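The values are calculated or read from the model by the stated rules, or taken from the named source; none is laboratory data. These figures come from a predicted structure and were not determined experimentally. All Cβ positions, even for glycine, are placed from backbone atoms using ideal geometry, and neighbour counts span all protein chains on display.
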Amino acid sequence: MIYYYKNAFHADSISLDIRSPIFRFGVGFFETIFYNGSIVCHLQTHVRRITGSLEFYKIPYELADFDELIPDVVKRNGLTEENARINIYYPVETDASPATPLITAYPYTLNREKIYRLDVSPYHHDSHLCAHKSMNYMHYYLARRATMQRGFDDALLVDKAGMVRETTTASVLFRDGNKFITPKTDNQFPSIALEIAASVLTLRMVGQVSPEPAIGVSEAGFGESCPTSLDQYRYAYMLNSLIGMKPIGQIGEMKFDIDSKSCEGVSQRVLFP
């Protein structure tokens, strides 16, 4: 695998100083972007999000010509006419110099028919870092791994009050009639796919997307994975920059109807703008 870092292209592995913040603590931020065989989707929005995180935490950084470099990385990995997952990382190797971007490209297969099954994670994570894609992703990794070991696709994350936040990889939407509801929590992660969905669903008069501060899962349900207050919704969805918008068929023991039509319209705008 060929990647770009520090003004050069490299293969397969990276060397890190064991004293560096990235090695010791996972300090840095990242973005995951879809390349659809033709364009890098919503690139400038992703760049604004990651540089916004760096600026929020006052981490100096260097910009790069991503419009030129990403297609070059894609080409060097033989993915020019294929779907690919692009990652931009900003690892912090030293506090004395600006962070520089690291760009990777991996083959990626779209699963257009995927219906997701979630389980509720018993682990709580509620901090200012929830609003950013930190390279120290251990909480999300462990929550997803645990639910996958139980046969699910992802973990539904909740805060200490049992209120729904998101999954470990995606934002969530719920629907009852023509009203789409997304959880509104402190330190909300700014989902690009969710923003696109709000625009598409409103424009096509499918329904309005509204925030709801209290979509709850009871504390008693954690061990048995039984959501309680989600039963008012008929449909549930997952959204991110790699999958677009996909239906959730199950959360714990609760089943949801499948609304593929709404998903198709949003996914088209997310993945093939």
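Considering the conditions (1) touching a residue at least 24 places away in the same chain (Cβ under 8 Å); (2) closer than 30 Å to GLY249 by Cβ, PRO60 is excluded by exactly one of them, (2). ALA170 meets the conditions (1) crowded, with 18+ Cβ neighbours inside 10 Å; (2) more than 29 Å from ASN83 (Cβ to Cβ); (3) among the small types (Gly, Ala, Ser) in every case but one. The failed one is (2). Looking only at the range 134-158, residues that are surrounded by 19 or more Cβ atoms within 10 Å (Cβ to Cβ) and either of a type in the set (D, E, K, R) or more than 29 Å from ALA99 (Cα to Cα) (or both) come to 9 in all. Restricting TYR35, TYR61, TYR57 to residues that are hydroxyl-bearing (Ser, Thr, Tyr) and under 16 Å from the mean Cα position of the chain (by Cα) narrows the list to TYR35. Being in contact (Cβ under 8 Å) with a residue 24 or more places away in the chain, surrounded by 16 or more Cβ atoms within 10 Å (Cβ to Cβ) and touching a Cys at 6+ places or on another chain (Cβ under 9 Å): is that true of VAL92 here? Spelling it out, it is not the case that VAL92 is in contact (Cβ under 8 Å) with a residue 24 or more places away in the chain, surrounded by 16 or more Cβ atoms within 10 Å (Cβ to Cβ) and touching a Cys at 6+ places or on another chain (Cβ under 9 Å). Could you give me the residue pairs with C-beta distances under 7 Å whose first residue belongs to the range 236-255 and is part of a strand (DSSP E or B) and modelled with pLDDT of 95 or more, whose second residue is among the charged types (D, E, K, R) and crowded, with 21+ Cβ neighbours inside 10 Å wherever it lies, and which are 6+ apart or on separate chains? Matching pairs, first to second residue: TYR237/LYS246; MET238/LYS246. Determine whether ILE59 is under 23 Å from PRO273 (Cα atoms), in contact with a helix residue (DSSP H, G or I) (Cβ under 9 Å, 6 or more places away or on another chain) and crowded, with 17+ Cβ neighbours inside 10 Å. Judged against the criteria, ILE59 is not a match. Restricting LYS114, LYS160, LYS133, LYS179 to those that are touching a helix residue (DSSP H, G or I) at 6+ places or on another chain (Cβ under 8 Å) and not aliphatic (A, V, I, L, M) reduces the list to LYS133.
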